[in-house]
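See below for the structure under consideration.
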Amino acid sequence: MTDCESPKEEAVFIKVANLPPQYQKGYDFINDPRLADITIGIVPDEAWEKGDQPSESDAEKGLILFKQSYYEGNDDIGWMVHELSHCQRYKNEPNTYQKDSGGTYPDNKVEAFAFLQQFKYLKERGRTREEITEMLIGEGGNYDENDMPFFNKLLDQVF
């Protein structure tokens with residue numbers, strides 16, 4: 001059998017209101033019932049196209065995608081809160097969302113909102129500033145020292 005003939009796993013879709021317990025904590029933290037109708041897509045690892053990023057959101061479409069292997073674990077770094085915060089920011093300010101997400105990544109207003117909520121959540125769960133910094137630029141992190149001025153401004157608001 002060739003690869004084209006082999007069966008492929010398909011993405012699974014659920015609503016935020018039906019999240020498993022390890023992700024329900026993040027939804028509860030945000031405490032915004034407008035997000036209950038957001039769709040979460042769990043994408044098989046072999047179909048994931050975002051590299052090391054474990055998730056992405058399309059806030060305007062009310063869709064968040066998670067890499068299956070990440071989704072099946074614990075959300076120790078708060079990516080559900082991050083992605084839900086994108087959707088919340090869109091619902092709060094739909095007319096400025098696109099403009100505010102422009103510019104340099106991650107240094108823009110939309111990412112600042114999402115990371116700030118994520119950092120608040122992580123602090124509430126007992127994470128230290130140093131642990132959050134390690135999550136961002138340490139082994140397995142997706143950012144580097146050049147991004148730290150942006151992150152430090154947000155971390156200063158939390159710690």
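Going by the conditions given, is residue 29 surrounded by 19 or more Cβ atoms within 10 Å (Cβ to Cβ), at pLDDT 95 or above and under 19 Å from residue 92 (Cβ atoms)? Before the answer, list the steps.
On the way: surrounded by 19 or more Cβ atoms within 10 Å (Cβ to Cβ): yes; at pLDDT 95 or above: yes; under 19 Å from residue 92 (Cβ atoms): yes.
Yes, satisfied.
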Yes or no: residue 54 within 18 Å of residue 142 (Cβ to Cβ) and either aliphatic (A, V, I, L, M) or modelled with pLDDT under 95 (or both)? yes
I'd like the residue in segment 35-65 that is in a strand (DSSP E or B) and among the polar types (S, T, N, Q) and, out of all such residues, is surrounded by the fewest Cβ atoms within 10 Å (Cβ to Cβ). 39
Can you spot a residue in segment 9-26 that is loosely packed, with under 14 Cβ neighbours inside 10 Å, under 20 Å from residue 122 (Cα atoms) and modelled with pLDDT of 95 or more? no
Here the residues within segment 137-150 that are assigned to a helix (DSSP H, G or I) and either over 21 Å from residue 104 (Cβ atoms) or touching a helix residue (DSSP H, G or I) at 6+ places or on another chain (Cβ under 6 Å) (or both) are none
Hey, residue 89 hits all of (1) touching a residue at least 40 places away in the same chain (Cβ under 8 Å); (2) assigned to a helix (DSSP H, G or I); (3) open to solvent by less than 60 Å² (accessible area, probe 1.4 Å) but one; which does it fall short on? (1)
Which count do you get for residues in segment 112-127 that are in contact (Cβ under 8 Å) with a residue 12 or more places away in the chain and either open to solvent by 20 Å² or more (accessible area, probe 1.4 Å) or touching a Pro at 6+ places or on another chain (Cβ under 6 Å) (or both)? 8
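In segment 109-131, is there at least one residue being assigned to a loop (DSSP other than H, G, I, E, B) and over 24 Å from residue 87 (Cβ atoms)? Before you say what the answer is, go through the steps one by one.
Within segment 109-131, the subset assigned to a loop (DSSP other than H, G, I, E, B) is 125-128.
Restricting the remaining residues to those that are over 24 Å from residue 87 (Cβ atoms) gives 126, 128.
Yes, there is a match, as at least one residue in segment 109-131 is assigned to a loop (DSSP other than H, G, I, E, B) and over 24 Å from residue 87 (Cβ atoms).
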Filter segment 66-86 down to residues that are touching a strand residue (DSSP E or B) at 6+ places or on another chain (Cβ under 6 Å), outside any strand (DSSP E or B) and over 19 Å from residue 138 (Cβ atoms) and give me whichever is most open to solvent (accessible area, probe 1.4 Å). 68
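The values are calculated or read from the model by the stated rules, or taken from the named source; none is laboratory data. Remember, predicted model here, so these are calculated numbers, not experimental data. Using ideal geometry, Cβ is built from the backbone for each residue, glycine included, and neighbour counts are taken over all protein chains shown. Only protein heavy atoms, including side chains, enter the accessible area calculation; ligands, DNA and RNA are left aside. Shrake-Rupley method; radii C 1.70, N 1.55, O 1.52, S 1.80 Å.
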